[in-house]
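Below is one structure, written out as structure tokens, with a few remarks after it.
The values are calculated or read from the model by the stated rules, or taken from the named source; none is laboratory data. The structure presented is a predicted model; accordingly, all values stated were derived computationally and were not measured. All Cβ positions, even for glycine, are placed from backbone atoms using ideal geometry, and neighbour counts span all protein chains on display. When the accessible area is computed, the model is the full protein with side chains, heavy atoms only, and any ligands, DNA or RNA have been set aside. Shrake-Rupley method; radii C 1.70, N 1.55, O 1.52, S 1.80 Å.
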Amino acid sequence: DTGVSQDPRHKITKRGQNVTFRCDPISEHNRLYWYRQTLGQGPEFLTYFQNEAQLEKSRLLSDRFSAERPKGSFSTLEIQRTEQGDSAMYLCASSWTASPGYTFGSGTRLTVV
Amino acid sequence: EDQVTQSPEALRLQEGESSSLNCSYTVSGLRGLFWYRQDPGKGPEFLFTLYSAGEEKEKERLKATLTKKESFLHITAPKPEDSATYLCAVQWEKKTSYDKVIFGPGTSLSVIP
């Protein structure tokens, strides 16, 4: 198992464009999480899935953000009509229900210009 | 308001100079406190979970302890490879989702040879 994979590693986009990120969790993990991290801050919770069900969304996740996890495998996070304030590192993590701690991917760094 | 704070914001140590990092939290109904290490450009790497006051965990030069309102990460005789940002995260019981985890802002540790 190669851990949690995220793609792309870096994305530069123009304001107003849509972007989509992908996360492939550890295969036996049933929970998947998306976090956002800005410079000098800890990760902020966005949303999480148990299998294919999206169980919680943060108020940070505005209408422009949507996440999916079809068939309980990989997940995508889409941001529509990007704004400069969306520039951040988007981190994906996965875990097994009863296990402590998450396994994080290396993140996708988004820059909106 | 539930929150997690960490101090100091940054710490610079000489190789071999032991010190401690602090994590304070104000959540009620603690389910677990986690320590992560984050290297630049990478996702956080899970280190420890602590569940109850008085508990201690050790890994190489790191030892984590927990009281009712704070946790300490003690670094004994640090080496330059211990340089990283150390993040504290807290999981607590909530009616809507017991799994929610919030992170502190981190302490950036630099160990000088």
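Numbers for the structure displayed
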quantity	calculated
Members of segment A:7-44 found to be farther than 22 Å from A:Gln84 by Cβ and in a strand (DSSP E or B), listed by number	A:Asp7, A:Arg22, A:Cys23, A:Asp24, A:Arg31, A:Leu32, A:Tyr33
Boolean, A:Arg15 is buried (at least 18 other Cβ atoms within 10 Å of the Cβ) and of a type in the set (D, E, K, R)	no
Matching residues in segment A:39-52 - criterion: being open to solvent by 30 Å² or more (accessible area, probe 1.4 Å) and closer than 21 Å to A:Arg109 by Cα	A:Leu39, A:Gly40, A:Gln41, A:Glu44
Subset of segment A:96-111 that is assigned to a strand (DSSP E or B) and within 9 Å of another protein chain (Cβ to nearest Cβ) - its residue that is farthest from B:Phe103 (Cα to Cα)	A:Arg109
Tally, over segment A:53-86, of residues that are more than 14 Å from chain B (Cβ to nearest Cβ) and open to solvent by 40 Å² or more (accessible area, probe 1.4 Å)	14
Pick from segment A:59-79, criterion assigned to a loop (DSSP other than H, G, I, E, B) and charged (D, E, K, R), ranking: nearest to A:Phe21 (Cα to Cα)	A:Arg69
Count of segment B:1-35 residues which are open to solvent by less than 30 Å² (accessible area, probe 1.4 Å) and more than 14 Å from chain A (Cβ to nearest Cβ)	2
Residues located in segment B:59-71, provided they are closer than 18 Å to B:Phe103 by Cβ and open to solvent by 50 Å² or more (accessible area, probe 1.4 Å)	B:Lys69, B:Glu70
Residues located in segment B:36-58, provided they are within 9 Å of chain A (Cβ to nearest Cβ) and open to solvent by less than 40 Å² (accessible area, probe 1.4 Å)	B:Tyr36, B:Gln38, B:Gly43, B:Pro44, B:Leu47, B:Phe48, B:Thr49
